[in-house]
1. Within the stretch 1-118, considering only strands (runs of 3 or more DSSP E) that don't extend past its boundaries, which have at least 1 residues that are away from the ligand (no atom under 16 Å from the Cβ), in contact with a Gly (Cβ under 7 Å, 6 or more places away or on another chain) and at pLDDT below 95?
2. Tally up the residues in the stretch 221-246 that are in contact with an Asp or Glu (Cβ under 9 Å, 6 or more places away or on another chain) and either in a loop (DSSP other than H, G, I, E, B) or at pLDDT below 95 (or both), please.
3. Return yes when LEU157 is hydrophobic (A, V, I, L, M, F, W, C) and over 18 Å from ALA130 (Cα atoms) and no when it is not.
4. Filter the stretch 119-129 down to the residues that are in contact with a helix residue (DSSP H, G or I) (Cβ under 8 Å, 6 or more places away or on another chain), in a strand (DSSP E or B) and of a type outside the set (A, V, I, L, M, F, W, C) and list them by number.
5. Which of the helices (runs of 4 or more DSSP H) found entirely inside the stretch 291-408 contain at least 1 residues meeting this: within 20 Å of ASN76 (Cα to Cα)?
6. Which condition does THR259 not pass, out of (1) under 20 Å from the mean Cα position of the chain (by Cα); (2) part of a loop (DSSP other than H, G, I, E, B); (3) more than 17 Å from ILE131 (Cα to Cα), if it passes all the others?
7. Tell me, which residue of the stretch 249-265 that is farther than 18 Å from GLY373 by Cα and touching a helix residue (DSSP H, G or I) at 6+ places or on another chain (Cβ under 8 Å) is farthest from the ligand (Cβ to nearest atom)?
8. Looking only at the stretch 150-174, which residues are more than 10 Å from the ligand (Cβ to nearest atom) and in a helix (DSSP H, G or I)?
Amino acid sequence: MRESTLLTPKKIADNQSFLDWDTQPEMFKHYPQFCYRVPIADFPSLLWLKETRKITDERTVVNKPYRRLNVPSAGNLHPIEMYVQIRNVTGLLSGIYHFDVLHEELVMIAEIAGEGIEPYLGLNTRFNGAIVMLSLVPFRSGWKYGLRAWRYLYLDLGHQIATFVASVRHFGLSLTKMSVHNGLSQIMGMGYDETIAAVYGIGEPSTRPVKPLSKPLMHVQPTDYTLPIEQLYSEIQAQLPYTDVPLTAKRENFIALNTIRRSAREFNTDTIDDSALRELMQLPVPFSLEVLFVVLQAHSMQQGIYRNGKCDVDGNFLSEIVHLLLDQRFIAGANMVVLIYAEHFNAASHIEAGVYAQELYAACEYHGIGCSGIGAFYDHEASRWSDKSLLYAVAIGGKNDYRCTKRD
Ligand SMILES: Cc1cc2nc3c(=O)[nH]c(=O)nc-3n(C[C@H](O)[C@H](O)[C@H](O)COP(=O)(O)O)c2cc1C
């Protein structure tokens, strides 16, 4: 997939066409009105679900609602949906539900008893609690980014998985790793335009036997329309869902940070302490990744490229890094850019890059620092600093409104 998703100066020049935002596919999936719905707020035991994915900013831009979520997303396109099978949770009918983020409701797609999705997860007994499924809706990102969207889908998914895991842990629950078999997306009623891409359990298997669902659930299109981007859809369908449980830092003020998190659109070089940059360098890095920290502007820290907490190559790389990241001007104000490379260019390494970047976002928000994921870069030029593939970059710098946001 790497070759067909590369960005080069020629591709950028050839692709300068105007994007008509009126043609943006719908960002939220809607199940029919006749489906049984329950407000998530009515179930305090499911607060972890509400904090996993929620709207945190809403405004009107050119007469259309513009919504931003607790998780970042390339182009703010949000190509993810959430489903949960619930069994034996007090007050809720056991069933398979869609989580409607727009209305903060659980929408029942099917009631369950002796049947369920467990057999698609290698379980032959009923799983009491919740089985969470995250799906990808490739056209939401493909609409803007074409095949390059393949990368952004999995990076976005990594951000969402990290937030989900942090939320579950914040509420004192633990996750069960699942082992997914083929056919889960089909039995969930999905077509070529949506695929289950990650699955986790919260609860425990019982001793009662379970049968597979006798027929697929109702099919509902995840967007109001879809254009054929065959290669993108088939690559995503061919991938088995991700099930690894990442390590995420536990922060007491998780809910506050989860609510205020934003991507920086500008930086103030002077409002950041070097100690915060050093702390960010200490965050645990998943095994699949190699991370380089390029210190661009600091008070007393040496400018240069840091590996494993030490400056490896001295120098001022500001203009090279800004150019690498497609000359996005606001990056010129960043104090540090984190370059996330991997030996293997595949879905799992992109998910893990997204998970790691989400940890950077959380740590930055905690320190009152600005941060933005950067998925747009010239791939060939990134090989100057590593023989691995660059998957993702994160720009970090001081906030302008530092005094109001710093948490003492
Ligand atoms: C995978 C990914 C790639 C991104 N790439 C860029 C980028 O190249 N340039 C940029 O300015 N922002 C980028 N962003 C930040 C998004 O634009 C931002 O998340 C989105 O506009 C929503 O805003 P919010 O994060 O404040 O909710 C990226 C975010 C993600 C998750």
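The values are calculated or read from the model by the stated rules, or taken from the named source; none is laboratory data. What you see is a predicted model, and the numbers here were worked out from it, not measured in a lab. Cβ atoms come from the backbone with ideal geometry, glycine included; neighbour counts cover every protein chain shown.
1. Filter on the stretch 1-118 gives an empty set.
2. 8
3. yes
4. Quick first cut of the stretch 119-129, residues in contact with a helix residue (DSSP H, G or I) (Cβ under 8 Å, 6 or more places away or on another chain) only: 120-121, 124-127.
From what is left, the residues that are in a strand (DSSP E or B) are 125-127.
Of everything in the stretch 119-129, those that are in contact with a helix residue (DSSP H, G or I) (Cβ under 8 Å, 6 or more places away or on another chain), in a strand (DSSP E or B) and of a type outside the set (A, V, I, L, M, F, W, C) turn out to be THR125, ARG126.
5. In the stretch 291-408, 347-367 are the helices (runs of 4 or more DSSP H) which contain 1 or more residues that are within 20 Å of ASN76 (Cα to Cα).
6. For THR259, the failing item is (2).
7. Step one: filter the stretch 249-265 for residues farther than 18 Å from GLY373 by Cα, giving 249-256.
Remaining after also requiring touching a helix residue (DSSP H, G or I) at 6+ places or on another chain (Cβ under 8 Å): 249-251, 253-255.
On the way: ALA249: 19, LYS250: 22, ARG251: 18, ASN253: 18, PHE254: 17, ILE255: 17 Å.
If we take residues in the stretch 249-265 being farther than 18 Å from GLY373 by Cα and touching a helix residue (DSSP H, G or I) at 6+ places or on another chain (Cβ under 8 Å), then LYS250 is farthest from the ligand (Cβ to nearest atom).
8. Answer for the stretch 150-174, where residues must be more than 10 Å from the ligand (Cβ to nearest atom) and in a helix (DSSP H, G or I): TRP150, ILE161, ALA162, THR163, PHE164, VAL165, ALA166, SER167, VAL168, ARG169, HIS170.
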